[in-house]
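To start, the structure itself, in structure tokens.
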Amino acid sequence: QWYQRRVVITAGIEVENSPEETVEVQEPDDTEDDQIVIEDEDFEGINPSEKAPSGNNELNIVNAPVNMKGHWEDYYLEIIGLIGVFVYALNFYTGKSINNRLANAWFEHHKKLLSDAFCIVGDDGVSKEISEDVLVKESENRFVLWCTGRVGCEGIKIEIKLLRRQDLISVLSQIFKPQSDTITITTYLAPEDMDHVVLAIMPRKGLKRLQQEVQDLAHFATEKKTDKFDLPSQLGILAEFSEVSNEFLSIPVCKTIAENIDVFDSIHFSDYYTGFKISQESQTETERPSPVKRLIFNFVIPGHGKRTKSTIMETTEPLLRMALHMMIKVHKFKLSKEKKEKRLRLCVDTTA
């Protein structure tokens, strides 16, 4: 009998067996990852007859020089930013020094005049002991001087409001909308230091608007004719009684204002000063400010900020002398009995 020879090769083991008996020997397959499947598609495009290139197959790295000399146009944004920071810092320190110099020049020039009129000039208001010759710096463009010790008033506050020369944006806006440095003198009076007086002298272009916005001017004052006063035509007068305007606008006062019209801005006297109007809807009875007695003088430094020499600050001296003179006149002034009764009736209507 013949038999067919079947050979099963598994894992290198050859087994010969008969047709009746087939023996297969296989090693256990624990994981499928051990099986390597090779497909013909993996060798597409490879010619088996080609030989591998001979020689060293290591990767060669060439040290190329780095170009550190970039053109300046690549950094124009950074250059512009640095220039802007430099210009802003330079303008800040320059404007700051100019404002300090102007404020100190004003104080030094008027210190003797103020010392003759007040016992204490330049009290800082902070120290327990009385200090003098202190010009309080509230900001880089705002300075305050306090004076006290005078008959007829409790004291005065002089505010030197200079342009924001330390701010570059304000300097640029000054080109298109010029403004001026200003001096504001506010006199604080006790109740017995002032009778019933409401008087305002200011440019005509803002007269109507201010009369509508300021409480005491809106309620008490009316516009008076300026024909009999030697005042410049651009000024207007608001007063409660003609008796008041006739008393305070004397010939020397009108002459001083006319000769210094480029420095004069406004005068506001009031024994019933409450500031600007506040709408009744947003103001309760407890929030309404109590009337106080004030004398307010506003002066401007000529030149619209273009003249920064220290001597320009001396131009306010004649008007400061006028302000001290008018403080004495206010203290001595007594309203007639008839006008006083009329005023009391108006005050009752105001508080009602």
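Output the residues belonging to region 148-169 that are in contact (Cβ under 8 Å) with a residue 24 or more places away in the chain, of a type outside the set (Val, Ile, Thr) and either open to solvent by 20 Å² or more (accessible area, probe 1.4 Å) or part of a loop (DSSP other than H, G, I, E, B) (or both).
Selection gives 149, 150, 152, 154, 157, 162, 163, 164, 165, 166, 167, 168.
Does residue 172 qualify as being outside any helix (DSSP H, G or I), modelled with pLDDT under 95, among the aliphatic types (A, V, I, L, M) and open to solvent by 20 Å² or more (accessible area, probe 1.4 Å)?
It is false that residue 172 is outside any helix (DSSP H, G or I), modelled with pLDDT under 95, among the aliphatic types (A, V, I, L, M) and open to solvent by 20 Å² or more (accessible area, probe 1.4 Å).
If you take the residues of region 212-256 that are in a strand (DSSP E or B) and surrounded by 14 or more Cβ atoms within 10 Å (Cβ to Cβ), which of them is nearest to the chain's Cα centre (by Cα)?
Only one residue fits best here, namely 214.
Just to check your reading of the model, which residue among 342, 332 is open to solvent by 50 Å² or more (accessible area, probe 1.4 Å), of a type in the set (Lys, Arg) and at pLDDT below 90?
When all the criteria are applied, what remains is 342.
What are the residue pairs meeting all of these: first residue in region 83-95, first residue surrounded by 13 or more Cβ atoms within 10 Å (Cβ to Cβ), second residue β-branched (Val, Ile, Thr) and at pLDDT below 95, Cβ atoms under 9 Å, and 6 or more apart or on different chains?
That search, which allows pairs on different chains as well, returns 91/171; 95/171.
Conditions tested, residue by residue: (1) closer than 15 Å to residue 181 by Cβ; (2) open to solvent by 30 Å² or more (accessible area, probe 1.4 Å); (3) in contact with a Gly (Cβ under 6 Å, 6 or more places away or on another chain); (4) assigned to a helix (DSSP H, G or I).
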| position | (1), (2), (3), (4) |
| --- | --- |
| 99 | yes, no, no, yes |
| 107 | yes, no, no, yes |
| 114 | no, no, no, yes |
| 130 | no, yes, no, no |
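Examine region 108-120 for a residue that is under 20 Å from the mean Cα position of the chain (by Cα) and of a type outside the set (A, V, I, L, M, F, W, C), and state whether such a residue exists.
No.
The values are calculated or read from the model by the stated rules, or taken from the named source; none is laboratory data. Just so we're clear, the structure is a prediction, and the values are computed from it rather than from any experiment. Reconstructed Cβ throughout: ideal geometry from the backbone, glycine too, with neighbour counts over all protein chains shown. Areas reflect the complete protein model, heavy atoms only, side chains present, ligands, DNA and RNA absent. Shrake-Rupley method; radii C 1.70, N 1.55, O 1.52, S 1.80 Å.
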